[in-house]
Amino acid sequence: MGYTKDQLLARLHELKIDFTCYDHPVVLTVEEQAKHVGHLGGALSKNLLLKDKKHRLYVVSALAGTKVDMKILSQCLGLGKSGLRMAPEENLLQVLQVPLGCVTPFALMNESASAVSLLLDQGFKSKQSCYFHPLTNDVTIALSSSNLDKFLVSVGKQPAYVDLEAAPAVGKDNPPDLAHLVPSDVPNSSEQPTENTAPATVPHQNNVPKETEVKAKPKVQSKDTGTSQSKVDKPYDTSVDKFVNDMFDIISPLFLSEASKKLDIKKEELSSLIDALKGRAAPDLESLVTGLKNASYTSGFHAGFDTMLNRGLNGQPSRN
Amino acid sequence: MAAAEQAVGATKEDREVEEEQVVNPWEVSAGKGGIDYDKLVDQFGCQRLDAALVDRIARLTAHPPHRFLRRGLFFAHRDLNEILDLYEKGEKFYLYTGRGPSSEALHLGHLIPFMFTKYLQEAFKVPLVIQLTDDEKFLWKNLTVEESKRLARENAKDIIACGFDVERTFIFSDFGFVGGAFYENMVRVARCVTINKAVGIFGFSLEDHIGKVSFPPVQAVPSFPSSFPHLFAGKDQLRCLIPCAIDQDPYFRMTRDVAPRIGYQKPSLIESRFFPALQGENTKMSASDPNSAIYVTDSTKQIKTKVNKYAFSGGQDSIELHRKLGANLDVDVSIKYLNFFLEDDDELEHIKKEYKEGRMLTGEVKQRLIAVLSELVARHQRARAQVTEEMVDTFMAVRPLPNMFG
């Protein structure tokens, strides 16, 4: 179930982001949108949802006037010459959870879109206000690119601005410069057929909350080739259980080899000892490790809070 | 003749026992034979948690089932099957539990729902909200607002010491958090419950102040994900599972009744038996009698004294009699405590068998219990000592939990 326009606008208010809102009839193309808001002086955007051969998704948001060459973009991402194509409608509905004609950077606030990579036209930076759909086709909101950044950071996305018209020759001496923007995870609903694929009619996601089946994220991470690194950070492995097990994996073989040497007992006979040890020590070790995890998290949390308080967005290094 | 009379006498006594058993969030008192859990389950209308369900949980979570499940200490539920069905299909849920911070000292009975909830969080890998009802304690006890808030924070430290995952846990106190979407849900619930109904469920009277009468929605709405927009925005139909002691059932009966009327999912429940006081099932654990329970602040020496002196024994009065007749496990508190806290199933069975058949003496059983409890309490104290004020602030910060389903 995706966020609604109202939820998005409420969130923008919460973040104290300035924006202007324009209502108009439903529009499916930039040309139609231009008829209603084109005269107001802001920069219209065209938004594409693209897919690569490994079913990874990209939202490319550009100034309406920017020429986006898919072949060049594909090469810059390290996907080869024809690695990118328009994503099918299902991805729009399931992953971005927006209707047809409504691709927008704001769709990335949905958890279903967490593995989608966002590429923003560098050109937005020089415009005072840029136009995007706020998850619905019958409204356009105008905001500055720095405010868009503020929003994206708040939903855990680092804004990535790209010169979409640049056409560098990609080769051995010139590696794909956008390779870091390729997502590392395979998105949720790429291959799996669901009962929700609507063939012709576009269900309006905005006002009718449907109970969609949330598919569990596949545990298998796509084995990437050397060139593509993840732009989307993998979640840290902070499992206390696993840590304690790993500790025993280190200690056990060492103990077994030392003990069997010194005591002249076979290793197999000692292994039941290890199991007993493990059973008895585990609760205390887990307690200790949890304490360390809590302390680290707390420390980091307060550091992050202070950074934001004192330095705002500038406190965090940019990834470009 | 005599048999008939006896039969009549028996039914009359049964009825008396029935009438005597009182179970609601503010009062738990047993009839003659202790709490009749079967009657309770029937009376409340919840379902029993059977071995098949325990197996299912173990399979779904790929985790050995917690001893509270293995031993039937969490023994009843409402709609747990539904949550498991959905989980199997990949749909997550969140956990909700809480505490009324009425005193600084927690005893082992207080820890039980938290220990179980920690296991659920780990096994299912789901987020958890923990409510500290400091407002409830202010309304029901003779405390100031400041004292209630302070107790809530102190209790939060013990709760954190139980080992919850900071990346998946949000602790909040009512005085700190009520407002916004949470309050909107409270009012939605309140509008659906007449005073009549509240009196019927909670036993309020016209002499009770309106604070009490208007409190129940506060404990109801954490069952609804929309009460926590910073955690579950856009997930209005996310399910909730509530581990609690069975005396909390009335709150959630009310909640489950209201939920569909306001467009929300009913929360599911998983309910536990009561934890017996040291002096026996029919006595009350009370803050005024420190010997009625083992506190998490007790030293090993205090635990030893309390168990040896006050734990009600089901053993016989003399060793000879004991060897002959064995112990009555139904009333023996040490065995009940071991049931809760001794992890090893085989060892527990062995002790029960030997004790029942008179080969093991009460002293030996108590000795084992003292060792188990001392270890537990010491571990808790160590963990508690590591909890700082900043950690409490962090667990209670209204922050996103991005890995909460990871």
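Computed from the coordinates by the stated procedures, all read-outs in this text should not be read as laboratory data. Just so it is clear, the model here is predicted, and its values are computed rather than measured. For neighbour counting, all protein chains shown are included, and Cβ atoms are generated from backbone atoms with ideal geometry for every residue, glycine included.
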Dipole-positive endmost among A:SER271, B:ASN142, A:LEU12 within the protein assembly as shown (Cβ charges, Cα centre): A:LEU12
In nm, spacing of pseudo-spin labels at A:LYS242 and A:THR29 (7 Å Cα→C-beta vector): 4.9
Cα centre as origin, Lys/Arg/Asp/Glu Cβ charges: the protein assembly as shown dipole, Debye: 1520
Neighbourhood net charge (15 Å Cβ-Cβ; Lys/Arg +1, Asp/Glu -1) for B:LEU361: +2
Whole-Hz ³J(HN,Hα) from phi, Karplus 6.51 cos²θ - 1.76 cosθ + 1.60, for region A:80-97, glycine and proline x: x, 6, 10, x, 10, 9, 5, 7, x, 4, 4, 5, 4, 6, 7, 8, 7, 6
B:TYR183/A:THR20 FRET efficiency (R0 25 Å; Cβ-Cβ; nearest 0.05): 0.25
Value of Rg/Rh across region A:5-181 [Cα atoms, Kirkwood radius]: 0.95
Formal net charge of residues neighbouring B:SER374 (Cβ-Cβ distance under 10 Å; K, R +1; D, E -1): +1
Net +/- balance of residues flanking B:VAL178 in space, Cβ distance below 11 Å, scoring K and R +1, D and E -1: -4
Ratio Rg/Rh, restricted to region A:239-320 and using Cα atoms, in which Rh is the Kirkwood radius: 1.31
Axial C-alpha extent at least 18 Å, average Kyte-Doolittle at least 0.5 - helices from chain B (DSSP): B:108-124
Reciprocal of mean inverse Cα separation for the protein assembly as shown (Kirkwood radius, Å): 29.3
Simple Cβ-charge dipole of chain B, Lys/Arg +1 and Asp/Glu -1, about Cα centre, in debye nearest 20: 700
Using a Förster distance of 25 Å, the FRET efficiency for B:GLN302-B:GLU343 (Cβ separation, nearest 0.05): 0.65
Length added when fully stretched, B:SER29-B:ASN81, from 0.36 nm per residue minus Cα-Cα: 15.7 nm
